[in-house]
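Colleague: Take a look at the following structure, please.
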Amino acid sequence: MRYSLRQLEVFLATARHENVSRAARDLAMSQSAASGSLKELEDQFDVKLFDRVGKRLRLSELGKQLRPQAENLLAQSRDFEQAMAGHEASGRLQVGATLTIGNYLAVGMIAEFRERFPGADIALSVANMAAIAEQVASFELDMGLIEGELNHPDLHTLHWRQDELVVFASPDHPLAGYGPIDDRALLTLPWILRESGSGTRQTFERAMHGILPDLVIAMELQHTEAIKRAVEAGLGVGCLSRISLEDAFRRGTLVPLQVPTRDFHRDLYLITHREKYHSATLRQWIGLCLDSHQAPT
């Protein structure tokens, strides 16, 4: 064999960080050892895997083509090692989740997974849908759990579970307990919403088709808790997943508003790279996710 698994690790770490020094730190190597390993890999096959752009190393066209295969070779080698050791699921898994899922669903699922598979470690990254999709597409994450619809040529999307958004207000809002609210009333309200690029914002905009350009967007915030606090303070009304509002509704600090003329239902999805090798740990994690879909939302 004309290459080593260590060379592949250096290649992939450099692709992630776009910098040999950071790749070396990630792999607990000296910079000279990492640089030498990468150069040896290129020289062995007389290829160029990176282009230098300023101080960064960007994957060449060949590097981009080879990256999925390198990712899968390393994943399969780790899977083989775990199987030889008799481990059903072990090692580290990088999972991404959009904010509602990450803050209100994923932590409990990770606790259950660790109880089932003590040798496995789930690292969770929480961001909006666009960021999670990009990180899965670039192999920075093994898989993602997202709240909105996604069309990406490199990603495989699997339906997970259903959810719905709820329009809500503070208990002393004039429309609290008012009954069904029509479009005319919706146009008079100041809205406090998630930012563009989030799955929640995507669902809200789809639900408000026809009147969206005329809505009054008072604030855009990146975190659900910040939106809830702003609505509690009477700064406007919000629209978030029911999952994130159940505790506030039980406590009475926020109340749902009835908007029967608009459809706020949506689906949640699991995403992986189309060329991603599914290790035993990843297969078990996806299985747990699919089992959990029967839990009430």
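Just so it is clear, none of the values below were taken in a lab; they were calculated from the coordinates. These figures come from a predicted structure and were not determined experimentally. Cβ atoms come from the backbone with ideal geometry, glycine included; neighbour counts cover every protein chain shown.
Colleague: Which net charge results when you count Lys and Arg as +1 and Asp and Glu as -1 among the other residues whose beta-carbon is under 14 Å from that of HIS152?
Modeller: Numbers: positive: ARG274, LYS276; negative: GLU134, GLU149, ASP154, GLU275.
Taking every Cβ under 14 Å from that of HIS152, the sum is -2.
Colleague: Cα centroids of the range 5-47 and the range 124-176: how far apart, whole angstrom?
Modeller: Each part's Cα centre sits 34 Å from the other's.
Colleague: Kindly count the pairs of lysines across the chain whose alpha carbons are less than 18 Å apart, treating pairs on different chains or eight or more residues apart as eligible.
Modeller: Details: LYS39/LYS48; LYS39/LYS55; LYS39/LYS64; LYS48/LYS64; LYS64/LYS276.
For the chain, qualifying lysine pairs total 5.
Colleague: Could you check the spin-label model distance between ASP247 and GLN44? Points 7 Å from the Cα along Cα→Cβ, value in nm.
Modeller: Each label point lies 7 Å from its Cα, and together they span 5.1 nm.
Colleague: Here is a follow-up. Distance in nm between label sites at ARG22 and LEU158, each 7 Å beyond Cα in the beta-carbon direction?
Modeller: If labels sit at ARG22 and LEU158, their model points lie 3.0 nm apart.
Colleague: If the chain between ASP263 and GLU115 were fully stretched, how many nm would it gain, using 0.36 nm times the residue separation less the Cα-Cα distance? Can you show the working numbers first?
Modeller: Working: separation 148, 0.36 × 148 = 53.28 nm, distance 3.80 nm.
In short, 49.5 nm is gained.
Colleague: Separate question: Over the chain, what is the relative contact order in percent, taking alpha-carbon pairs closer than 8 angstrom and at least six residues apart?
Modeller: Values: 493 pairs, mean separation 64.8, N = 297.
Worked out over the chain, it gives 22 percent.
Colleague: Specify the residue with the greatest mean-square fluctuation among ASP183, ASP26, ASP46, computed from a Gaussian network of the chain linking alpha-carbon atoms under 10 Å apart.
Modeller: ASP46
Colleague: Around PHE204, under 12 Å between beta carbons, what's the net of Lys plus Arg minus Asp minus Glu among the other residues? Don't skip to the answer; put the middle values down first.
Modeller: Values: positive: ARG194, ARG201, ARG206, ARG262, ARG266; negative: GLU147, GLU164, GLU195, GLU205, GLU220, ASP263.
In short, -1.
Colleague: What does the helix-only formula give at 222 nm for the chain: each DSSP H stretch with n ≥ 4 adding -39500 (n - 2.57), the total divided by the residues, and the result rounded to the nearest 500 deg cm²/dmol?
Modeller: Details: 11 runs with 123 residues, N = 297.
Result for the chain, helices only: -12500 deg cm²/dmol.
Colleague: Which of these values of semi-axes √(5λ) of the Cα gyration tensor in Å was calculated from the structure shown: (1) 36, 21, 18; (2) 31, 21, 16; (3) 44, 22, 15?
Modeller: Step by step, semi-axes √(5λ) of the Cα gyration tensor in Å for this structure corresponds to label (3).
Colleague: Then there is this: Pick from ALA106, ALA24, ALA233: which residue has the top mean-square fluctuation in a GNM of the chain where Cα pairs under 10 Å get a spring?
Modeller: The residue with the greatest mean-square fluctuation here is ALA233.
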